[in-house]
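K.L.:
Below: one structure in structure tokens.
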Amino acid sequence: MSLLPASILILAGGRGQRMGGRDKGLVEWRGQPLVAQVQAAVRPLTDDLVISCNRNAPRYAQWADQLVADDQPDFPGPLAGILAGLAVARHDWVLLLPCDAPRIDAALALQLLAAAQASAGPVMARQGGYWQPLFSALPRRLLPALRQAWADGERSPRGALLPLGLTAVDFTEDDIRLANFNDPAALESAV
């Protein structure tokens with residue numbers, strides 16, 4: 001079975017509060033910005049790589065086919081970036097990935113996309129029993145339902161997606177491909 005074409009949305013629009021306000025996607029690890037490492041892993045899988053960023057757009061442009069910013073000011077959270085990305089995606093399926101997980105590989109991305117295609121609905125990574133909402137594959141047709149969830153006050157990607165028939169893609173607790181570098185300590189302790 002060959003996979004349907006998919007857009008890839010890298011979420012890099014956060015405030016970076018736990019990184020001291022730094023733009024997390026541009027923080028370097030092993031000599032490269034985090035977002036560059038995520039992009040390199042998945043670039044061969046799509047002709048539509050979208051980066052959600054709310055600042056430093058000229059720097060992010062080198063890694064993307066399209067850039068989007070949140071419709072709302074003041075860094076309203078990842079669900080805002082997901083809404084913006086789904087609105088511009090060129091394909092019917094969109095793979096969501098965070099900018100701060102540089103150990104992502106193509107196999108992980110393909111696993112999520114294959115599961116989404118098999119289920120014909122949204123899938124989300126679940127690691128050790130915990131949902132990982134920024135590792136998901138969604139059909140664009142969910143955009144109206146997600147916009148409604150936003151209008152109803154939902155700000156959590158997990159909270160918005162769970163009622164929509166979400167399927168889990170389970171990963172082991174020690175799968176480092178899903179490890180996020182949320183703060184300087186995580187970055188420094190990463191091998």
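K.L.:
Pick from LEU11, LEU178, LEU45: which is most flexible by mean-square fluctuation in a GNM of the chain where alpha carbon atoms under 10 Å apart are linked?
P.N.:
LEU45
K.L.:
So what is the relative contact order for the chain, in percent, with contacts set as C-alpha pairs under 8 Å and at least six apart? Could you put the intermediate results ahead of the total?
P.N.:
Working: 359 pairs, mean separation 45.7, N = 191.
Worked out over the chain, it gives 24 percent.
K.L.:
I would also like to ask the following. Under a plain spin-label model, where a point goes 7 Å from the Cα along Cα-to-Cβ, how far apart in nm are ARG30 and SER156?
P.N.:
My value for the distance between the label points is 3.2 nm.
K.L.:
Quick one: length gained pulling ALA69 to GLN148 fully straight, 0.36 nm per residue minus the C-alpha distance?
P.N.:
This chain segment gains 26.5 nm when fully extended.
K.L.:
What is the fewest-to-most order of PHE171, PHE181 by other Cβ atoms lying within 10 Å of their Cβ? Before the final figure, lay out the partial values.
P.N.:
Details: PHE171 18, PHE181 23.
Least to most surrounded, the residues fall as PHE171, PHE181.
K.L.:
About its Cα centre, what dipole magnitude does the chain give when the only charges are +1 on Lys and Arg Cβ and -1 on Asp and Glu Cβ, stated in debye to the nearest 20?
P.N.:
On the way: 17 positive and 19 negative charges, 39 e Å.
Roughly 180 debye for the chain.
K.L.:
For the chain, what is the mean residue ellipticity at 222 nm derived from helices alone (per DSSP H run of n ≥ 4: -39500 (n - 2.57); sum divided by total residues; nearest 500 deg cm²/dmol)? Mind showing how you got there, number by number?
P.N.:
Values: 7 runs with 58 residues, N = 191.
Value at 222 nm, helices only, nearest 500: -8500 deg cm²/dmol.
Throughout, read-outs are computed from the coordinates displayed, never taken from laboratory work. Here the structure is a predicted model, which is why all the values come from computation and not from measurement. Because the Cβ atoms are built from the backbone with ideal geometry, glycine has one as well, and the counts that use them run over all protein chains shown.
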